[in-house]
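What follows is a short report on a single structure.
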Number of protein chains: 2
Amino acid sequence: MTDTKTMPGMARTTVSPDASTITAPTQFIETSLETYAYRRFGAGAAPPLVCLQHFTGTLDNWDPAVTDPLAQGREVILFESGGLGRSTGEVPTTIPGMAAHLLAFADALGLTQIDLLGFSLGGMVAQQVALDHPSLVRKMLLVGTAPEGGEDIMHLEKPELQKILGDPTLSGYQVLVKLFFTPSASSQAAGQAFATRLAARTEDREPVSGPKVAQAQIAAFRAWERVDGERFGKLRRITQPCLVVNGVFDQMIPVRNSYMLGEHLPNATLLTYPDAGHGSLFQFHDSFVQQAILFLDS
Amino acid sequence: MTDTKTMPGMARTTVSPDASTITAPTQFIETSLETYAYRRFGAGAAPPLVCLQHFTGTLDNWDPAVTDPLAQGREVILFESGGLGRSTGEVPTTIPGMAAHLLAFADALGLTQIDLLGFSLGGMVAQQVALDHPSLVRKMLLVGTAPEGGEDIMHLEKPELQKILGDPTLSGYQVLVKLFFTPSASSQAAGQAFATRLAARTEDREPVSGPKVAQAQIAAFRAWERVDGERFGKLRRITQPCLVVNGVFDQMIPVRNSYMLGEHLPNATLLTYPDAGHGSLFQFHDSFVQQAILFLDS
């Protein structure tokens, strides 16, 4: 079942309440900035949950074990930012540039209040959106991410990451299994299950990101690390309830960045998982979803 | 309704399923070490939850808003360690000495599997009990506490704590309101509500701890701060599921001690609360109880 809504002054958008991360059709919306690809599914009384993706990730990198159960109490909207997948434009080299894409998208869709699930890079964009347009954002899930002025953010040149990124025997999702999960047997098993779930969508997929996307996003990470003025001062202005989540062994954006968020955001609860890395939400998807629903519905 | 159980080789113990933190009668049990005061109430299928108290705290320092709802799915047993309240003996000057009291108590009551709620000092004792008698302990809630080898544990001589402890206008529970809660209006209001709840038990109360108790417990804190051998090495042996909880503005046992627990205990989830100090479980009692039940029942 699908339901095509046309709202005044807005493009047509199709909500697919019975669709899922695997089956929701990719839609496109023309905005004041770019034309964005997105997927929209689920139903419920809560504000839509807009999901902002990680470094080089596309719509196809959302784990059905996370986004499907969340869509049972709300619409889930997976957003493809400018320059990624089939969205037009160039990837910005700053987080505020990426936030502008989300704001243009939300405006074109007529969204006036949303919750945000920002993972990694997406969590930085979420913070910026909350700063730039506070009234749009009700609550935020900030997973595996860092505040502006954070530390050791996505330094792919580090030996422990180069060991994975330079391994010729790893390709496709197997790189993510090593990057997002810890070396323990249980974490690697969770990683393989995650890879299997991501592969379940076989049609209407997005093109994989190339080096140009990575380069622009890395530039944005470097800019985000810089401390301008009072360190973490901007976080005081993000008064929305936040649930900050990370694995304690995150090598891409170390957990101390989540501690900084928990200590400096005025209304953030922090949750960390043991034996988990950057992809803690995928490894502990049942617990994460339970916690996310508890948080979003409270 | 009360139910007096007599088990082979054991002292009589009364479980009061309908009693509460405020109404449960204080009981006494003679053991191989000392005679301990305790209160026991609630009912349910889960293992009993034994509660281990903070610095100078007695049975009367348990907050009904925490321990009453927890008693709806399990027995709650409030334990008065040696030398405190009406328990006989001297307060040990080491955490292992305190753990020995709990073990003697559990043995005398015939408890073979328990969950532990250890707050502050009690969380240290809980870790030691798990090391000394692993099979006794199923799960642990470790709140506002620190690992052995932790940092800045209960240094009452610090200016920010002396300001409270040396304030002649503060007495009784008002000291706790300042020590356990942050200066914000909402945290202080939560603190006053906590003080009111503690005062609700008016009969069958324990004597208040004197300077001798404090002195011995401070000695135990100093010993607990010392690093012997590999720092945090013992935590690897505590394989029980743990939920570590703290407020991000804890001045008595700073939150970084909870980070250490989350990073070094092999199976610990960490939860931190914003705008909260040492008494985060009392400030956010609804959320804490919800999370504790989720954790204990999962």
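The values are calculated or read from the model by the stated rules, or taken from the named source; none is laboratory data. Keep in mind that what you see is a predicted model, and the values were worked out from it rather than measured. Positions of Cβ are generated from backbone atoms using ideal geometry, with glycine treated the same way; all protein chains shown enter the neighbour counts.
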Tally the residues that are more than 13 Å from A:T67 (Cβ to Cβ) and surrounded by fewer than 19 Cβ atoms within 10 Å (Cβ to Cβ), restricting the search to the stretch A:14-25. 4
Any residue that is over 26 Å from A:G73 (Cα atoms), touching a Pro at 6+ places or on another chain (Cβ under 9 Å), away from chain B (no Cβ under 12 Å) and at pLDDT 95 or above - is there at least one of those in the stretch A:191-213? no
Sort through B:F288, B:F282 and tell me the only one that's away from chain A (no Cβ under 13 Å) and crowded, with 23+ Cβ neighbours inside 10 Å. B:F282
Within the stretch A:28-45, can one find any residue that is touching a helix residue (DSSP H, G or I) at 6+ places or on another chain (Cβ under 8 Å), aromatic (F, W, Y) and within 20 Å of A:A220 (Cβ to Cβ)? yes
Please determine, by comparing only the residues of the stretch A:271-287 that are among the aliphatic types (A, V, I, L, M) and in contact with a Phe, Trp or Tyr (Cβ under 7 Å, 6 or more places away or on another chain), which one is farthest from A:L161 (Cα to Cα). A:L281
Looking at the stretch A:67-80, is at least one residue under 14 Å from the mean Cα position of the chain (by Cα), of a type in the set (D, E, K, R) and at pLDDT 95 or above? yes
Are any residues in the stretch B:91-111 in contact with a Pro (Cβ under 9 Å, 6 or more places away or on another chain) and either among the charged types (D, E, K, R) or not in a helix (DSSP H, G or I) (or both), and if so, which ones? B:G110, B:L111
The listed residue being surrounded by fewer than 14 Cβ atoms within 10 Å (Cβ to Cβ) and either within 17 Å of B:M154 (Cα to Cα) or within 19 Å of the chain's Cα centre (by Cα) (or both), out of B:V213, B:V245, B:V227: B:V227
The residue that is surrounded by the fewest Cβ atoms within 10 Å (Cβ to Cβ), considering only those in the stretch A:248-260 that are touching a helix residue (DSSP H, G or I) at 6+ places or on another chain (Cβ under 9 Å) and facing chain B (nearest Cβ under 10 Å), is A:R256
How many residues are of a type in the set (V, I, T), more than 15 Å from A:P254 (Cβ to Cβ) and in contact (Cβ under 8 Å) with a residue 24 or more places away in the chain when one looks only at the stretch A:120-167? 3
Set A:D152, A:D115, A:D132: member being out of contact with any strand residue (DSSP E or B) (no Cβ under 7 Å at 6 or more places or on another chain) and farther than 22 Å from A:G277 by Cα: A:D132
Can you tell me which of (1) facing chain A (nearest Cβ under 10 Å); (2) closer than 22 Å to B:A130 by Cα; (3) touching a Ser or Thr at 6+ places or on another chain (Cβ under 8 Å) is the one B:T272 doesn't meet? (2)
Does any residue of the stretch A:232-241 turn out to be modelled with pLDDT of 95 or more, under 27 Å from A:D63 (Cα atoms), touching a Gly at 6+ places or on another chain (Cβ under 8 Å) and more than 10 Å from chain B (Cβ to nearest Cβ)? no
Total residues in the stretch B:51-92, condition touching an Asp or Glu at 6+ places or on another chain (Cβ under 7 Å) and at negative phi: 9
